[in-house]
Amino acid sequence: MEKKLKRVRGLVVNKYPYRESSDVIVLFTDEYGKIKAVAKGRRKPGSRLGAALENFCLSEIVLYLSRDRELQIVKEAQLLDPHGELTRNYKFLLGASYVSELLERGTEVFSPNRALLELALSSLKLIPEAVDLKKLLAAFLLKALSYLGHMPVLDRCVACGSREKLLYFSVEKGGVLCANCPKSADDSVMLGARGISELQRILKMPMDRLNRFKADSDLLFDLSVKFARHHLEIPDLFARKVDI
Ligand SMILES: [Zn+2]
């Protein structure tokens, strides 16, 4: 088993107490995607591994890394950005926890996805200033699902292929349905032509330009959560969260 010293940039997406005084840190890194690493003695007073390994911190971490092991070992950690604004408000933290849960539960270890990491970082930055948090999270989820290979089909009916009169959306079928096909899915929801075109624009636009849209954010958020659960095959994803 080859163990190498590696320096990575990573977002802390979760941590768990481990043995007497250590923590297991779940990181989403630029080079390796999700990895889990032990921060030895982190819960002892005065540990050098304290601040840089809190949830939502972006840090530079030196690790002993071996792909054969489930748990890597943190040697050093240096804080790059604590995303401290998130701690100002419970709602911000709740919003951020959707981002981190998606990265933790929706990805496999050692599956790098830089686009997903950058999306997560820009979303965390935008949460404290979001006019409509549900819309921001819906956009994050739909974009994240796209980066994970589950892009919703929005330019043609998933049942008949028509590009005309696209009015409905089906989570289970993974995209839109035309005026003739709502019955081809049990879960089709009427979004209307305007709702569908908002969805198309949300997928194309960068996160920081989303405030221009006037889509029904409750409906969009609900659909995007269902879409993530269904296509990632994690029925209880976000299930333990209170309503946002
Ligand atoms: Zn159709």
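General observations
- Number of the exception - Gly161 against (1) more than 14 Å from the ligand (Cβ to nearest atom); (2) without any contact (Cβ under 8 Å) to a residue 12 or more places away in the chain; (3) among the small types (Gly, Ala, Ser): (1)
- Of all residues making up the stretch 31-48, the number that are under 15 Å from Gln78 (Cβ atoms) and under 25 Å from the mean Cα position of the chain (by Cα): 2
- Residue list for the stretch 195-210, restricted to those being touching a residue at least 12 places away in the same chain (Cβ under 8 Å) and exposed (fewer than 14 other Cβ atoms within 10 Å of the Cβ): Pro206, Asp208
- With respect to the conditions (1) within 16 Å of the ligand (Cβ to nearest atom); (2) touching a residue at least 24 places away in the same chain (Cβ under 8 Å), Ser100 falls short on a single one, namely (1).
- Looking only at residues in the stretch 123-158 that are within 16 Å of the ligand (Cβ to nearest atom) and β-branched (Val, Ile, Thr), the one that is surrounded by the fewest Cβ atoms within 10 Å (Cβ to Cβ) is Val153.
- Where a residue in the stretch 135-146 is free of Cβ contacts under 8 Å to residues at least 60 places away in the same chain and its partner, wherever it lies, is hydrophobic (A, V, I, L, M, F, W, C), with Cβ under 7 Å and at least six apart: Ser146/Leu203
- Output for the stretch 16-35, where each listed residue is surrounded by fewer than 19 Cβ atoms within 10 Å (Cβ to Cβ) and at negative phi: Tyr16, Pro17, Tyr18, Glu20, Ser21, Asp30, Glu31
- Condition check for Val171: farther than 14 Å from Leu102 by Cα and either modelled with pLDDT under 95 or not basic (Lys, Arg) (or both): yes
- Segments classed as strands (runs of 3 or more DSSP E), wholly inside the stretch 1-56, with at least 1 members that are farther than 21 Å from Ala144 by Cβ and among the acidic types (Asp, Glu): 22-29
- Being farther than 26 Å from Gly106 by Cβ and either crowded, with 17+ Cβ neighbours inside 10 Å or in the same structural domain as Leu141 (by TED's automatic domain parsing) (or both) holds for only one residue in Ser224, Ser162, Ser217, and it is Ser162.
The values are calculated or read from the model by the stated rules, or taken from the named source; none is laboratory data. Everything numeric in this text was worked out from a predicted model, so none of it was measured. Quick reminder, even Gly has a Cβ in these numbers, built from the backbone with ideal geometry, and neighbours come from all protein chains shown.
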